[in-house]
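I have placed the structure first, in the form of structure tokens, so that the comments after it can refer back to it.
The values are calculated or read from the model by the stated rules, or taken from the named source; none is laboratory data. Please read all numbers here as calculations on a predicted model, not as lab measurements. Reconstructed Cβ throughout: ideal geometry from the backbone, glycine too, with neighbour counts over all protein chains shown.
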Amino acid sequence: MANNTKSEFHKQQHKEEMKKQVITFALMIFFTILAFVVVGTNMMDKMLAIPLLLVLAVVQVGFQFYYFMHMKDKGHEMVATMIYGGVFAAILTVAALSLVIWW
């Protein structure tokens, strides 16, 4: 009886996980279509469109990390540390190069 309850719990957990992934995937498709519409129709000034596109890109990267690369799950701490370290190094490099160019 306990094994059956455990199996039901895992089925429900997997169902919820799949639901979250499908919703995340749909949002990512929507963000991609929105980005194409913004660029393709020139409906926004460049000064507004570029930050919007960057925000959409950052949100999609977050979705990729947490839902499709399973970084929200236990056991991925080292991978998360390495990825966050790489992101920090990339931001630091871009900031340093921007400072050198604009100074």
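For segment 57-103, enumerate the residues that are under 30 Å from Val22 (Cα atoms) and among the aromatic types (Phe, Trp, Tyr). Answer for segment 57-103, where residues must be under 30 Å from Val22 (Cα atoms) and among the aromatic types (Phe, Trp, Tyr): Phe63, Phe65, Tyr66, Tyr67, Phe68, Tyr84, Phe88. Among the candidates Val87, Val79, Val38, the residue that is assigned by TED's automatic domain parsing to the domain that holds Gln21 and within 25 Å of Thr24 (Cβ to Cβ) is uniquely Val38. Annotation: of all residues in segment 55-103 being exposed (fewer than 12 other Cβ atoms within 10 Å of the Cβ) and of a type in the set (S, T, N, Q), the one that is nearest to His14 (Cα to Cα) is Thr81.
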